[in-house]
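> This is the structure I have questions about; it appears just below.
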Amino acid sequence: MSPFTRFADLVWLSALCAPGALAALEALRQEDTLPAAAFALDDACQTGNENSETGSCDLSLRQLRSVLAVDSQQLDEPTKSVSLMGTLGSALPLGHPSASKAYPTHPGFTLFLVEEFDAPLDLEKDPIWTWSDGGLKEGQVRFVKEQIKFEDGKMKIEVKANHGHQHTCSHAQSEDIPHKPLVGGEMRTRFNMFRYGRYEVRMKAPTVQSHNPNVDGNFVSTMFVFRDASFKHWREIDVEVTGRAPGAISTNILTADYTAKWRPSMQETVIAEFHDYAEFHDYAFEWLPGKIRWYVDGKMVREKRNDRLEVPDKSGKIMMNLWIHNNARPFVPFGGKHIENDRFPMQNEYDWFRFYKWDGDHQYPPADMSSKSLTADDMYLTSNNPCDGIPQIGEVLKDGHKLEVCRATCR
């Protein structure tokens, strides 16, 4: 059944049980809008709204968010109007694009998702994005929602001293992690539903010291696609601006299966150098079957094809974060050697993000943007934080043993 047909059924049921729905239907004909009051305000079937033939809901609010072009920030307000765009294809791009902006086109790709960061995203309710409660084993930073800030038309991720208390259990890491001396943030998509396409971000990396933008320090400022990590299918394609030297960008690919920790043989990295990393630059990569190309300010800086490491073919999550490597002595292996120069708080900035879906991929993202269309493997240990409502399905596979996954409480 098409989304439009299911939507029409929902409107008919709403006309029987929701006050004012007939007037809303007339408004729909005239203005192509429908008040959200005509819908159930949660994801579960409400009594009387089941499909009489199937016994199931036609469309939940969460599904409506995906099928329609919706401002999810205010979607739960009864007076909010929702633009009816018909099928998902006519609703593109998803996210929060600007109505006044003409977006670039790329042959063979369709603009699918845009975030302009003109208004704050509610990372508890947004249908596509959420936050991570993780923290890299080799890093000093624990990710928390509060360090993802939306200000001045930008998304800003700030790293600062950790004076708080976090759950030992991390849903994003699927295991307990020790206390970290710093807190930062990571925004990520909720599910492993993104694959071949063009990923673009306009990002400004941090300055290690505010009074001296050219000093060498340590940080990793990112946009990347990532899946599972150390317990099943570790797949990763990165753009990482680092503090190792003013203007250094790492283009990385990582692939491994059932690997408890990182090892050099699972990664291929090429460093591209450019100037003024503390200014905004456009970073992008095109991921296609058997090929990846990385770009800085529209200029290709690397092409990777299947060779020693094959180009990933599994879907993943889009992620953006900022972290600092462990203060290891005598050598800091990644992010910049002079970690002693770091001064906090430190922040990066994102002006916008865009994802162009490759027209040849007919599986990801799913046509209905629903987790029900994903495979069991896609859903393996996919919770991002204890508040995202996504069940942790699967066992931790570590050192040849199956372990129960840890679980934290939403607070």
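> Filter the stretch 143-167 down to residues that are under 30 Å from THR259 (Cβ atoms) and at pLDDT 95 or above and give me whichever is surrounded by the fewest Cβ atoms within 10 Å (Cβ to Cβ).
Here the residue is LYS145.
> Closer than 29 Å to PRO107 by Cα, modelled with pLDDT of 95 or more, touching a Phe, Trp or Tyr at 6+ places or on another chain (Cβ under 9 Å) and outside any loop (DSSP other than H, G, I, E, B): which single residue out of ASP351, ASP361 fits that description?
Of the residues listed, the single one that is closer than 29 Å to PRO107 by Cα, modelled with pLDDT of 95 or more, touching a Phe, Trp or Tyr at 6+ places or on another chain (Cβ under 9 Å) and outside any loop (DSSP other than H, G, I, E, B) is ASP351.
> Considering the stretch 177-199 alone, what residues qualify as being in contact (Cβ under 8 Å) with a residue 24 or more places away in the chain, part of a loop (DSSP other than H, G, I, E, B) and either within 30 Å of ASN327 (Cα to Cα) or basic (Lys, Arg) (or both)?
ILE177, HIS179, LYS180, PRO181, GLY185, ARG190, ARG195
> Go through (1) in a strand (DSSP E or B); (2) in contact (Cβ under 8 Å) with a residue 40 or more places away in the chain; (3) of a type outside the set (Lys, Arg) for ALA272 and report which single condition fails.
(2)
> If THR251 satisfies all but one of (1) in contact with a Lys or Arg (Cβ under 6 Å, 6 or more places away or on another chain); (2) open to solvent by less than 20 Å² (accessible area, probe 1.4 Å); (3) assigned to a loop (DSSP other than H, G, I, E, B), what's the number of the condition it fails?
(3) is the only condition that THR251 fails.
> Which pairs have Cβ atoms under 7 Å, sit 6 or more apart or on different chains, and link a residue in the stretch 143-168 that is at negative phi to one that is assigned to a strand (DSSP E or B) and surrounded by fewer than 14 Cβ atoms within 10 Å (Cβ to Cβ)?
THR168/ASP176
> Hey, among LYS304, LYS314, which residue is in a loop (DSSP other than H, G, I, E, B), touching a strand residue (DSSP E or B) at 6+ places or on another chain (Cβ under 8 Å) and within 30 Å of LEU381 (Cβ to Cβ)?
Values: LYS304 fails: in a loop (DSSP other than H, G, I, E, B).
One residue alone meets the criteria, LYS314.
> Scan the stretch 118-142 for residues that are open to solvent by 50 Å² or more (accessible area, probe 1.4 Å) and either outside any loop (DSSP other than H, G, I, E, B) or of a type in the set (A, V, I, L, M) (or both) and report the count.
Adding up the residues that qualify gives 1.
> Sort out which residues of the stretch 210-268 are within 20 Å of the chain's Cα centre (by Cα) and of a type in the set (Asp, Glu), and write them in order of number.
ASP228, GLU236, ASP238, GLU240
> Continuing with this model, one more query. Condition first: surrounded by fewer than 22 Cβ atoms within 10 Å (Cβ to Cβ) and over 30 Å from LYS402 (Cα atoms). Can you find one or more residues in the stretch 220-241 that meet it?
No.
> If PHE285 satisfies every condition in (1) at pLDDT 95 or above; (2) more than 30 Å from MET379 (Cβ to Cβ) but one, which is the exception?
Failed condition: (2).
> Would you check which residues across the stretch 259-301 are on the phi > 0 side of the Ramachandran plot and in contact with a strand residue (DSSP E or B) (Cβ under 8 Å, 6 or more places away or on another chain) and list them?
GLY290, ASP297, GLY298
> Would you please name the residue that is surrounded by the most Cβ atoms within 10 Å (Cβ to Cβ), looking only at residues in the stretch 168-185 that are in contact with a Leu (Cβ under 8 Å, 6 or more places away or on another chain) and within 14 Å of LYS145 (Cβ to Cβ)?
My answer is GLY184.
> Hey, another quick one. Within the stretch 254-274, track down each residue that is open to solvent by less than 40 Å² (accessible area, probe 1.4 Å) and of a type in the set (Gly, Ala, Ser).
Hits for the stretch 254-274 are ALA256, ALA260, ALA272.
> Moving to a separate point now. Confirm whether PRO365 is crowded, with 16+ Cβ neighbours inside 10 Å and either within 20 Å of ARG188 (Cα to Cα) or out of contact with any helix residue (DSSP H, G or I) (no Cβ under 8 Å at 6 or more places or on another chain) (or both).
yes
The values are calculated or read from the model by the stated rules, or taken from the named source; none is laboratory data. What you are looking at is a predicted structure, and each value in this text was computed from that prediction instead of being measured. So basically every Cβ, Gly included, is an ideal-geometry build from the backbone, and we count neighbours across all protein chains shown. We work out accessible area using only protein heavy atoms, side chains counted, and drop any ligands, DNA or RNA first. Shrake-Rupley method; radii C 1.70, N 1.55, O 1.52, S 1.80 Å.
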